[in-house]
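To start, the structure under review is shown below, and the notes come after it.
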Amino acid sequence: MNEAELQVLRSQIAAAYASRDFTNVRDRLVVAGTPRALDSEVIAQGVNAALQLRDLENAIAWLGELLARQPDNQKLRRALSMAHNNRGVARRAREEVEASRADYEMALIVWPQNTEALFNLSAFELEMHRVERARTHLAALITLLPQDSEARLLEVESRLAMGDEFARDQLIAMFSEGADAALTPLARCKAQVLADTAFDAGSLRAPMAAAPAERIRLATLLCENGRWRDARNVYADLAEDLKSGVHAPGLFALFGARLALPAVFGDRGEFEAADAAYLQGLAELEEELTDSVLGRCEAGLKQARWSDISAAHRIGNLRESQTRLGRLLTHAGEKLARGYVPATARPLPRRPRIGLVGQCFRDCAGGAYFGSWVRALAKAEFETHLFHIGSKHDALTDAFAADADFATRLDGPLDEMAVQIASHGFDLLIYPELGSDHLVQALATLRLAPRQACAWGVPVTSGLPHIDTYFSCQAMEPDDAASHYSERLVCLPHIGTRYRPPALPRRLSRGELGLPDGARLYFAPHMPTKLHIDGDAALAQIAARDPCARIVLFRPGQAGACTRVISRISRALELAGAEPRQLLFLPPGSRERYLQLAAACDVMMDCPHWSGGNSTLDCLLMNLPVVTIAGNTMRGRQSTGMLSLIGLDPDLVCDSGAKQLERVLEVAADRDLATRIRGDLAERVGFLMEGDPALRALQGAVRDLFDAPAPAS
């Protein structure tokens, strides 16, 4: 562009800016494409126009150009920082999780004192359960805003997440000091939930003006605290406001209003009421979600992304209810997904193409189980592509990616993820861990490959019509296992994988761990969601029959959940004539500390209905006897399978709760018996880590899938 053309452009932009024709200003600058040749005044007009139009992409680009010319201009620096922060907020609303964090971080690089970015990044990291990172940013935020009530609330929330039992008292004190008056209505609701204080009206209605994403987070928090009825109210109000999906994410909110369940239960009556409400909600959705209703819904796969692992903690064979839910989600997903074209079978190439999709390819239980599948399939004749979903990733993610032929991290709108996965033309997609995450669940409602499979990361059938095969472990399945799955069941030998064991830590004394010497320690280390009411009586009988017993459990992270679980189990002890002081509720900690606690205890008491998986393996690695019940479903037989494989089922596997109680008391009291079992474990537990037979079987099972015709769509 020569000088004469530049002069014309300057005049045109100045005239458009003077008449507040911001679209014209922005568009002329975009077409020119040469901001470096333009005067700073013209670029500044473009910045202001872009900000008026909420065009943050161009505003950020042009602010960056101006700041490069004037690096000491603090006004420009603050403006660029705020633009990055605001784009992060917009990206977060669009579920571009990783991109939103990058914007918050860039906002702080440009201007470290940006309190809005510090708050948003702290809240983001806390939501992602990266508490230490959150607290680093919170420290800077509170230094800048020491009296800010919302910053203080977030700091207290981070302490609660770390198991700080005094943080709740501080939160309640905020109310007594009147600090809650400075909170937004939504933040005040959140504070009351975190403090587990009563509401004036007895139930909660989220502020109508709050953004849908914030109302959904509040409903999630309520479920985590056991307040599922209040959560359903929040979802129901949101669904009504968004006309049950006419505006997104109203359909998602409708699923929540009908199906939300508590993470923990206060008593058996609540458990039975929630179970009945869940089945009633399924029936209502089956009536409501007609083609005409879905036809009025705003398009987008995120509307059909419902998933709740609490539903898998219901008792018994869940095939029917899971299949009903799977049909509903698939019907909605297929109707609403943008750009979706169902995959069809194609002639198999010489090297069939496999995609592995999930959030579990990182340092977590799912990664320990299924990370080895990536290399096993890549070493066979399959072209293997790893898709890691979402923002939680670490060094193990990179290691698993290196084992694949190709690897991609996917973040952003679900429809774009689905189109990107489908574009690779996979012959088989495997979802190792369906049921624990909204994003992966929504993707699995679609036919993105002609063959699709899942595994036991959540050990219950997916119920999804487009999941054809379920990989499980033969040793962990009951005789009637096939009747528990809507998919075709394929059982692998051993524990189905090459498990990635942790580095074993130095053993600590009970005193170093804060545990009482001279007591018999019964370890019940399961997540609060797994501590089913049916196990309370056994824990109470242990305490009643063994005066030296101390039952070691982990404290739920949420105040409301903590109150419910501790009160419920304490009542069971009192009814049995035992002392609630015999319960030792410890704050959650690192895996290293978990292993050290396991080594210091006398016996692990497995819980009914959903036995230990990763938790059992860790205890066995520390040579701690695990006494379990052989359940009726795979999720209740994981410990049974492991102990059977190493020949310890006669000692440690029981066929009833009564026999489990007798055996756990015997193992804890009989030192000779416990020493013999610990010795057997030391000799044999390594066998559970020998995964070559399972991985060879996986390779063979996948070949068999390719030998058979692809299922009809």
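The values are calculated or read from the model by the stated rules, or taken from the named source; none is laboratory data. Please read these numbers as outputs of a predicted model, since none were measured by experiment. Using ideal geometry, Cβ is built from the backbone for each residue, glycine included, and neighbour counts are taken over all protein chains shown. The accessibility values were calculated without ligands, DNA or RNA, using every heavy atom of the protein model including side chains. Shrake-Rupley method; radii C 1.70, N 1.55, O 1.52, S 1.80 Å.
A few comments on the model shown:
- Computed over segment 578-656, the quotient of the alpha carbon radius of gyration and 2.2 N^0.38 Å is 1.13.
- Helix 414-423 axis versus longest C-alpha principal axis of the chain: approximately 80°, rounded to the nearest ten.
- Shown for segment 599-699 is the translational diffusion coefficient from the Stokes-Einstein equation, using the Kirkwood radius over Cα pairs, a temperature of 20 °C and a viscosity of 1.002 mPa s: 157 µm²/s.
- The residues of segment 403-467 present an accessible area of 23 Å² per residue when probed at 1.4 Å with all protein chains retained.
- Based on the convex hull around the alpha carbon atoms, segment 437-496 presents an average projected area of 4.1 nm².
- Rounded accessible area per residue of segment 196-316, 1.4 Å, Å²: 38
- Quarter of Cα convex hull surface for segment 597-640, i.e. mean projection, nm²: 2.6
- Taking the chain as the region of interest, the number of lysine pairs whose Cα atoms are within less than 22 Å, with members eight or more places apart or on different chains, is 5.
- Descending semi-axes in whole angstrom, ellipsoid equivalent of segment 307-351, from the Cα gyration tensor: 30, 17, 9
- For segment 686-713 and segment 238-295, distance of Cα centres in Å: 37
- Relative contact order of the chain, taken over Cα pairs closer than 8 Å and 6 or more residues apart, is 10 percent.
- By accessible area, using a 1.4 Å probe on protein heavy atoms only, the chain has 51% of its surface on carbon and sulfur.
- Per residue, segment 605-713 exposes 38 Å² of accessible surface when a 1.4 Å probe is rolled over the protein heavy atoms with every protein chain present.
- In segment 446-594 the Cα-Cα distances spread across 5 Å bins starting at 0 as 2, 8, 14, 13, 12, 12, 13, 13, 8, 4, 2, 1, 0 percent of all pairs.
- Diagonalising the gyration tensor over the Cα atoms of segment 245-314 and scaling each eigenvalue by 5 before taking the square root yields semi-axes of 26, 13, 8 Å, largest first.
- Each principal axis of the Cα cloud of the chain was evaluated for its coordinate range; sorted largest first, these ranges are 96, 71, 52 Å.
- Spacing of the two label points (7 Å from each Cα toward its C-beta) at residue 348 and residue 666, in nm: 5.1
- In terms of Cα atoms, the Rg and Dmax of segment 473-527 work out to 19.2, 51 Å.
- Only helices enter the 222 nm calculation for the chain: every DSSP H run of n ≥ 4 contributes -39,500 (n - 2.57), and dividing by all residues gives -16500 deg cm²/dmol, rounded to 500.
- For segment 347-420, the convex hull spanned by the alpha carbon atoms encloses 83 Å³ per residue.
- Whole-angstrom gap from segment 322-365 to segment 6-64, using each part's C-alpha centre: 44
- When each of the peptides 109-118, 224-233 is scored by the mean number of other C-beta atoms lying within 10 Å of its residues, the order from highest to lowest reads 224-233, 109-118.
- Working note: Cα gyration tensor of segment 2-108, eigenvalues times five, square-rooted, sorted largest first, giving semi-axes of 26, 15, 11 Å.
- Heavy atoms of residue 318 accessible to a 1.4 Å probe, total area in Å² rounded to 10: 10
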